[in-house]
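Novice: What follows is a structure written as structure tokens; I'll ask about it next.
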Amino acid sequence: MKKRKVINNVFRFTIFIIVLVVAATILGYQYYNSNLAAAAPNGTEQEITIAKGSSVKAISSQLENQGIIKNANVFSIYCKLSDKASKIKAGKYILSSAMSVEQIVNKLAAGNAETNSARFTIPEGFELRQIADRLEAQGLINKDEFYAAIEKSDFNYSFIKDIPSREGKLEGYLFPDTYEVFKNATEQEIIDKMLGRFDKVFTAEYRQRAKELNMTFDQVITLASIIEREAKLDKDRKLVSAVFHNRIKKNMKLESCATVQYLLKEQKPVLTYKDLEVNSPYNTYMYAGLPKGPIASPGAKSIEAALYPDDVDFLFFFATKDGSHIFSRTYKEHLAAQNKINQ
């Protein structure tokens with residue numbers, strides 16, 4: 001009897017568990033389905049920006065916070081079950097709370113980033129005017145508005161306040177790299193994106209190193225920009241930097257052709273004596289020390305070279321036909337090396 005009673009109890013308990021599981025499944029299914037439906041049948045449209053690299057969790061929370069979906073967890077589960085979690089593309093979308101979760105996910109997975117975004121590349125050593133020309137040629141900016149944004153906009157980076165007042169205030173600070181932006185991005189948004197990249201490159205270690213060299217932030221970027229325009233090969237960058245550091249310590253003129261080319265707004269292969277007589281704070285043949293500001297946007301290797309020059313006592317260098325440089329300690333050695341090359 002006891003054995004039969006135990007079996008009956010087990011049977012009843014099993015039936016209870018099955019009923020409970022079925023009920024929970026039905027309720028869960030109803031809850032899941034209800035949250036797949038539109039958040040608001042008569043919802044209004046909104047422009048939603050899905051940032052590049054956003055996780056499904058982040059996108060789900062964003063859509064819930066903006067009232068596009070009812071439940072972020074259900075949205076995440078649906079993305080994974082439908083195998084579209086990895087297919088969602090960055091971009092700007094017009095979404096409505098009247099859309100079902102399925103419709104929203106399908107739209108995000110189909111993507112419109114290809115039509116809404118544009119990619120551009122700024123080479124190392126580009127001047128501000130060259131950057132503006134390239135961006136305008138790609139239809140991304142209006143140059144007048146671009147320059148106005150540079151002068152008037154309040155960008156939220158600590159290094160901005162240390163830049164002296166001058167024309168082309170952000171010369172050297174729009175970091176050369178490849179970027180992807182929305183086609184309807186404003187001039188200010190594009191500038192901010194490039195400044196943000198610069199801020200990441202110029203690390204806390206670099207800031208500390210600048211203090212060790214007794215150089216301001218702006219002086220480092222100014223020197224790095226000259227190195228960028230003078231050194232064609234990576235192996236020469238820290239040697240070129242050493243020459244300029246040594247000349248500054250001795251209060252010698254830098255005599256950089258790159259700074260004169262900058263003030264002339266022309267990349268002349270050979271400078272004339274008349275060019276070297278132009279009175280400008282950017283004429284390093286006329287004035288000792290660094291020019292008034294950067295002359296181009298330096299890349300990461302030139303910034304590093306400005307902060308960590310090679311430990312050599314060179315004071316002169318000149319470029320050869322293959323783009324490499326020959327370095328000398330004295331002017332006599334410098335002339336001898338040039339004569340030997342020209343023979």
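Novice: Can you give the convex hull volume of the alpha carbon atoms of the chain per residue, in Å³?
Specialist: 228
Novice: With respect to the cross-link table entries K70/K107; K238/K268; K52/K152, which display a Cα-Cα separation exceeding 21 Å?
Specialist: K238/K268; K52/K152
Novice: Over what distance in Å are the Cα centres of the stretch 147-186 and the stretch 67-133 separated?
Specialist: Here the two parts' Cα centres lie 26 Å apart.
Novice: Residue by residue, what Karplus-based ³J(HN,Hα) values in Hz, rounded to whole numbers, does the stretch 94-103 have, using 6.51, -1.76 and 1.60 with θ = phi - 60° and x for Gly and Pro?
Specialist: Whole-Hz 3J(HN,Hα) from phi for the stretch 94-103: 9, 10, 9, 5, 7, 7, 6, 4, 4, 5.
Novice: Taking the Cα-to-Cβ direction at K193 and at R209 and moving 7 Å from each Cα, how far apart do the two end points lie in nm?
Specialist: About 2.8 nm, to one decimal.
Novice: Additional query: Arranged by the count of other C-beta atoms within 10 angstrom, fewest first, what order do R129, R247 take? It would help to have the intermediate numbers written out before the result.
Specialist: Values: R129 13, R247 20.
Fewest to most other Cβ atoms nearby, the residues stand as R129, R247.
Novice: Read phi for every residue in the stretch 307-315 and hand back ³J(HN,Hα) as whole Hz from Karplus 6.51 cos²θ - 1.76 cosθ + 1.60, θ = phi - 60°, with x for Gly and Pro.
Specialist: Those phi angles translate into 8, 10, x, 5, 8, 9, 10, 5, 10 Hz.
Novice: Could you pull out the GluC sites (Glu not before Pro) across the stretch 244-343 that fall in loop regions by DSSP (anything but H, G, I, E, B) with no more than 10 other Cβ atoms inside 10 Å?
Specialist: Counting only loop positions with at most 10 other Cβ atoms within 10 Å, the GluC sites (Glu not before Pro) in the stretch 244-343 are E266.
Novice: Would you work out the Kirkwood radius for the stretch 100-230? I mean one over the mean of 1/r across all pairs of different Cα atoms, in Å.
Specialist: That comes to 16.5 Å for the stretch 100-230.
Novice: While we're here: Given the rule -39500 (n - 2.57) for each run of at least 4 DSSP H residues, summed and divided by the residues of the chain, what is its mean residue ellipticity at 222 nm, to the nearest 500 deg cm²/dmol?
Specialist: On the way: 14 runs with 171 residues, N = 343.
Helices in the chain give a 222 nm mean residue ellipticity of -15500 deg cm²/dmol.
Novice: Could you list V101, V240, V181 in order of exposure, starting from the residue whose Cβ has the fewest other Cβ atoms within 10 Å? Numbers along the way, then the final one.
Specialist: On the way: V101 26, V240 29, V181 18.
In order of increasing Cβ crowding within 10 Å: V181, V101, V240.
Novice: Let me ask another. Seen from all sides and averaged, what is the projected area of the convex hull of the Cα atoms in the stretch 214-342, in nm²? All intermediate terms of the calculation are to be shown ahead of the outcome.
Specialist: Working: hull surface 30.5 nm².
Convex hull of Cα atoms, orientation-averaged projection: 7.6 nm².
Novice: Say each of D311 and E333 gets a label point 7 Å from the Cα, pointing the same way as Cα to Cβ; how far apart are those two points in nm?
Specialist: 1.8
Since every read-out is calculated from the coordinates, none of them should be taken as a lab result. What you see is a predicted model, and the numbers here were worked out from it, not measured in a lab. In this analysis, Cβ positions are derived from the backbone assuming ideal geometry, glycine residues included, and neighbour counts consider all displayed protein chains.
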